[in-house]
Amino acid sequence: MNADDAHAIIRANVDRLRDQLRLWDWHIDVRCKRLNEGTAGQCQVQAPYLRASIEIDNEQVSDERELLHVLRHELVHVFCWPFHAYGEHVAEMTEGDSVDSAWTFYLERMVWSVEKLLDAAEKKVGKADV
Ligand SMILES: [Zn+2]
């Protein structure tokens with residue numbers, strides 16, 4: 001997907017997705033950037049400042065649906081900010097030795113669980129509208 005299309009889709013949807021996750025008090029920057037192969041999106045969370053920076057590789061998403069999935073996934077990372085803050089705190093205390101693949105695994109599972117919850121909530125809203 002080209003960067004102009006990706007930016008337009010992000011602009012049209014980021015506020016709605018942020019509101020869905022109740023992240024009104026966060027300042028969240030989203031930009032397109034080339035990332036490592038296999039990484040369509042990434043997120044940096046600065047919990048003490050309620051700031052987050054999301055980067056999405058538009059070249060690694062094929063369509064709007066996939067782009068919105070990546071964007072929502074990274075916003076769920078912001079929603080899970082205590083996991084990020086904990087990981088950073090432990091890394092500072094241990095000079096990076098204790099933040100390992102287990103932490104990443106459980107963080108991703110937490111994000112996945114929240115995504116399933118959002119999917120279920122969207123389907124429930126859809127049924128109520130019928
Ligand atoms: Zn993730």
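Every read-out reported here was derived from the displayed coordinates using simple, explicitly stated rules and does not represent laboratory data. The model shown is predicted, which means the values in this text are computed figures rather than measured ones. Positions of Cβ are generated from backbone atoms using ideal geometry, with glycine treated the same way; all protein chains shown enter the neighbour counts.
Listed by Cβ neighbour count within 10 Å, with the fewest neighbours leading, Tyr106, Tyr49 appear as Tyr49, Tyr106. Computed 3J(HN,Hα) for segment 64-71, one whole-Hz value per residue from the Karplus formula 6.51 cos²θ - 1.76 cosθ + 1.60 where θ = phi - 60°, is 4, 4, 5, 4, 5, 5, 5, 4, glycine and proline marked x.
For the chain, what does -39500 (n - 2.57) per DSSP helix run (n ≥ 4), summed and divided by total residues, give at 222 nm, in deg cm²/dmol to the nearest 500?
-20500 deg cm²/dmol
In loop segments of segment 42-103 as defined by DSSP, the GluC sites (Glu not before Pro) with at most 13 further C-beta atoms inside 10 Å of their C-beta are Glu95. With θ taken as phi - 60° and the Karplus curve 6.51 cos²θ - 1.76 cosθ + 1.60 applied, the whole-hertz 3J(HN,Hα) list for segment 73-86 is 4, 5, 5, 5, 4, 5, 4, 8, 3, x, 4, 5, 4, 4 Hz, x standing for glycine and proline. Taking amide H positions as modeled 1.01 Å from N, with prolines and chain starts lacking one, the residues under 5 Å from Lys33 and 5 or more places away or on another chain are Ile56, Asp57, Asn58.
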